[in-house]
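No value in this document is a laboratory result; all are computed from the given coordinates. What you see is a predicted model, and the numbers here were worked out from it, not measured in a lab. When we count neighbours, we look across all protein chains shown, and the Cβ atoms used for this are built from the backbone with ideal geometry, even at glycine.
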Amino acid sequence: MSLSGVGIGLRRPHFDALADTQRQIDWLEVIAENYVGVDGSARRILDVCRERWPVAPHGVSASLGGPTPLDESWARACGALTRLLDAPFYTEHACWSALDGWYSHDLLPLPFNEAAAEHLGRRARAFAQYAERPLLLENVTYYATMPGSRWSEGQFLSHALAVADAGLLLDVNNVYVNAVNHDEDPLAVLEALPLSRVRQIHVAGHRREGDLLLDDHGSAVSAPVVALLEAAILRVGAVPVLLEWDHGVPPLDVLLDEADRLRAIVDAALSTRALATQPLIANAPHGTTRDA
Amino acid sequence: MRELDDFFALMGKVVREGDDGAGLAAHLGESRSGRARVARYGELVRRQHVEALENFYPVLVAVLACEHDGLWAVLRDAWLALHISPSRHPSGISLAFAQWLSAPDVSSSVAQRSVPLWAPELAELACMQYQVAIGSPSPLGVARVGSFTHDVIATLRSNVSVPRRIALPRSQPSYVLVFPDTVTLGARTSRLSAIEVAVLAWFAGEVDGPMLEQLGISVPLRDATLTQLRPKLGVARVA
């Protein structure tokens, strides 16, 4: 099963409306922690959804960059979910989130240095081996540069993904939020990331709180993030895009309106990209244009 | 790796305990973003845990806010100070909170504030609803039976968006069946009579047939009661 277009996250407030909707939904993303080892209602709605749409898993708790020993059984369970959904890859975050049996339930940044990138990359590679599925790692927000950082985020992720042999789940909203919070140019931050590894894109809303932009997934995608999404599509081409909206979740129709808006933007960017890369006269015999 | 190990140990104090990051800065240097930004992660993590609790217990939070000014914040903060987050799913925080709240010494651990008896019962009922919704196995298959000293069902059915209409749980012993809702895919509740509780205990294998008869429940009454209850049990009893 392949993913394409603009998907949405499967969220409980939409369970009823999803069953009835006839609107376009390109694919659904599920939070793995809500479905691994779970029976009951959540599992039933998952079964209903996968009959109608491609569904892909996204994890939030593997703590791939963390100090706690990697949970092999969790990785295997995530792999089993990925196979059940027939999804092309499992996705997680380039961060840490657990310490000595305590879970932060927040995605915590790592110091940008070689040791942390190696550590993250090795554990991500091991996770993918246990899961027996390809892995994508998502760039996370960092509201502070962690002490011990000696690299840029782009250097850090490039090294970690190379060690892991993993793809990049490019969160465009995180790129924008990080750039603003650290007084950097969003496009420059984007271009410094290992874009050749991008296999999927996330977009979401954010809000300002004091001196920071917070990645809260609580609103429509802002104009600067839409512009950055266009820039990303022009550079990486057609990859599946996922609209995240987790706080103040709107009615399904509002969410799908936003997905429609983003789909039109992505399609336009792909058309522009196709025009820019297309030869002036396709399949012209060598020398024809010069002779004409 | 030594530096990375130190980072996790010292940043762990920031995110788990709300440390100000001075130790981290002294050992690994100041963040380019400033120490205050690093320390902010303690507050961000705390918010995640508060949100997990308050999403799980909307009625408990609302009724405590209505009837016991400030008690929810006292309970919440006392719980969060224990730094217990045992599961990769945020519901683990809430399930562990219910266990803590039901401990006999919890009142003394929250600055001598008296915790009403119905508070841990409301929490327990919310946990049962969650466990039924996710299909967690029980002696009845998926459905669960709870025994309470208060009429917590009426309160749990309150509309939390209208706090003044939340019914304070009355002191009234009650048995509650929590069972799968095939329409909303969540969990429903219904009151149980003493006979129904006894029959379910027999169905779960906790009581044998002769004991039921000693309670005055004949085989025809047992079977008729079970026939009425069976649609609510959702799935067959786990062998």
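Descriptive notes on the structure:
- Globularity ratio of the protein assembly as shown, using Cα Rg and 2.2 N^0.38 Å: 1.11
- Computed helical MRE - 222 nm, the protein assembly as shown, DSSP H runs ≥ 4 contributing -39500 (n - 2.57), nearest 500: -15000 deg cm²/dmol
- Across region B:1-48, Cα-Cα pairs farther apart than 12 Å form 56% of the total.
- Rg ratio (alpha-carbon, reference 2.2 N^0.38 Å) - chain A: 1.04
- Near the amide H of A:Phe112, within less than 5 Å, lie the amide hydrogens of A:Met146, A:Ser149, A:Arg150, A:Trp151, all on another chain or at least 5 residues away, with H placed in the peptide plane.
- Just so you know, the Cα atoms of chain B work out to an Rg and Dmax of 22.7, 77 Å.
- Cut-off 13 Å between beta-carbons: net charge of the residues surrounding B:Glu30, Lys and Arg +1, Asp and Glu -1: +2
- Applied to region A:106-118, the Karplus parametrisation 6.51 cos²θ - 1.76 cosθ + 1.60 on θ = phi - 60° returns per-residue 3J(HN,Hα) values of 9, 8, 9, x, 9, x, 7, 8, 5, 4, 5, 5, 4 Hz, with x for Gly and Pro.
- Computed from backbone phi with θ = phi - 60° and the Karplus coefficients 6.51, -1.76 and 1.60, the 3J(HN,Hα) list for region B:141-156 is x, 10, 4, 9, 10, x, 10, 10, 8, 10, 7, 7, 4, 4, 5, 5 Hz; x is used for glycine and proline.
- At q = 0.14 Å⁻¹ the log10 of I(q)/I(0) for region B:70-163 amounts to -0.59, computed by Debye summation with a single uniform scatterer per C-alpha, solvent ignored.
- Ranked by how many other Cβ atoms sit within 10 Å of their own Cβ, fewest first, the residues A:Glu191, A:Glu153 fall in the order A:Glu191, A:Glu153.
- Each of A:His58, B:His89, B:His68, A:His93 was scored by other Cβ atoms within 10 Å of its Cβ. Listed from fewest to most, they are B:His68, B:His89, A:His58, A:His93.
- Point-charge dipole on Cβ atoms (K/R +1, D/E -1) for region A:165-266, about Cα centre, debye to 20: 340 debye
- Cβ crowding within 10 Å ranks A:Cys95, A:Cys78 as A:Cys95, A:Cys78, fewest other Cβ atoms first.
- Computed on chain A, with alpha-carbon pairs under 8 angstrom and 6+ residues apart, the relative contact order is 17 percent.
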